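The values are calculated or read from the model by the stated rules, or taken from the named source; none is laboratory data. Just so it is clear, the structure is predicted and the values come from calculations on it, not from any experiment. Neighbour counts run over all protein chains shown; Cβ positions are idealised from the backbone, glycine included. Accessible surface areas use protein heavy atoms only, side chains included; no ligands, DNA or RNA. Shrake-Rupley method; radii C 1.70, N 1.55, O 1.52, S 1.80 Å.
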Amino acid sequence: MKSLNIPKFNNLEDYIPFLNQKRRAMLINFVLCIILMSIFYVSFFVLVLIGLILFGDIAYLFVIFGFLSMGLAGFFSYLFIRAINKYKAYYFMSLINYFKADYYDELNFNYNKTITKQSIKDLKIFSKYKEVEPGMYYEGKVKGLSFKSSYYEYVSLDKMKTKQGRIVIFDLQKSIETNLLIEHKKTKVLFNKGLFKEKLSLESSYLNDNYNIYADDNLNCFKILEPIFIKGLSDYSLYYDAQINLLFKDNKLYIAINDYKNRYKYGLVKKVTINDLIDFINEVKMVSNLVSTLNLVKYSLDI
């Protein structure tokens, strides 16, 4: 899709009439394409049927025109899918461009990409991981820390349904001096506990009640489990209503945000409101909020 002509507004509210205008235009386009597609599909069957009934050269003409109608039906099928994707691009890129400079050093966004199952498998630290498309993938840098993130799927504890979450992978610039797993007790096992020999019991009642903690080094793990980190973990989990699992390993931080449900909604038939925009921004701020609430800036060389 060609580069979109998206104006830069000073206020978030100014994007509402712009996006609703694009939504209405794409909706009209979508409806017209559906109508024309249906007409040409019906024409295909009618023309081919007439061609089969008739005899002689005229029969071939009906069959030829029938297949031409099928081609046009396919063309309009492509156009109505394109109308959906074009509005999707306007919606996502308008909001990303509005706020990314306020929260990220760098941010590259792709709503049709994901962190693949194969790349996760190669890390050999995940026991369960199922990729999902579209992945709402973004990568970039925040407070000097590089990251990549996308949706994933996993099977719930009761094995009755598949749930969705978000995976975030940070490159830490300072040595963590230990490997540490913080696993939520109500989540599906995601990280490989076989990497660790010891399960810890801590003085923090919040951690003991909600998490299983595994570490290679008891002393150095407390450099990570500071009071500000524990409070941030609690605040983040409550705000996003999700189960947070973290693995510090080899100067990387893997975070699985399980049972996370998107709050934002959009679509051609849904009028854009200020609450929709705020919910979407909260979604994409998830990585930036992790860095601030968990005090991950201490692992950046920029600090």
If ligands, DNA and RNA are left out, what is the accessible area of Lys186 with a 1.4 Å probe, given in Å² to the nearest 10?
150 Å²
What accessible area, in Å² to the nearest ten, does a 1.4 Å probe give for Arg82?
90 Å²
Which chymotrypsin sites (Phe, Trp or Tyr not before Pro) from the range 16-119 combine a DSSP loop assignment with at most 15 other Cβ atoms within 10 Å?
Phe55
Extension gain, Asn192 back to Lys8 (0.36 nm per residue minus Cα-Cα distance, nm)
61.7 nm
Most mobile listed residue (Ile28, Ile278, Ile58) in the chain, GNM with C-alpha springs under 10 Å:
Ile58
Kirkwood Rh over alpha-carbon pairs of the range 179-303 plugged into Stokes-Einstein at 25 °C, 0.890 mPa s gives a D in µm²/s of 153 µm²/s
Kindly sort Val48, Val31, Val42, Val272 by accessible area of their heavy atoms, largest first, with the probe set to 1.4 Å.
Val42, Val31, Val48, Val272
If I compute solvent accessible area with a 1.4 Å probe over the protein chains, what percent of it on the chain is carbon and sulfur?
57 percent
Can you give the three extents of the C-alpha atoms in the range 197-244 along their principal axes, from longest to shortest, in whole Å?
31, 18, 16
So, taking all protein chains as they sit and a 1.4 Å probe, how much accessible area belongs to Asp105, in Å² rounded to tens?
90 Å²
Distance between modelled label sites at Val46 and Leu202, nm, 7 Å Cα→Cβ extension
7.1 nm
Cβ-based charge dipole, the chain, positive-most Cα from Ile213, Ala73, Leu47
Leu47
Over the chain, one equal point on each Cα, no solvent: what is log10 I(q)/I(0) by the Debye formula at q = 0.07, 0.08, 0.09 Å⁻¹?
-0.39, -0.49, -0.58
What size of dipole, in debye to the nearest 20, comes out for the chain about its Cα centre when the only charges are +1 on Lys and Arg C-beta atoms and -1 on Asp and Glu C-beta atoms?
480 debye
Per the helix-only calculation at 222 nm, which mean residue ellipticity applies to the chain, given -39500 (n - 2.57) for every DSSP H run of n ≥ 4 and division by its residues, nearest 500 deg cm²/dmol?
-15500 deg cm²/dmol
Give me the percent relative contact order of the range 21-100, please, defined on Cα pairs under 8 angstrom at least 6 residues apart.
41 percent
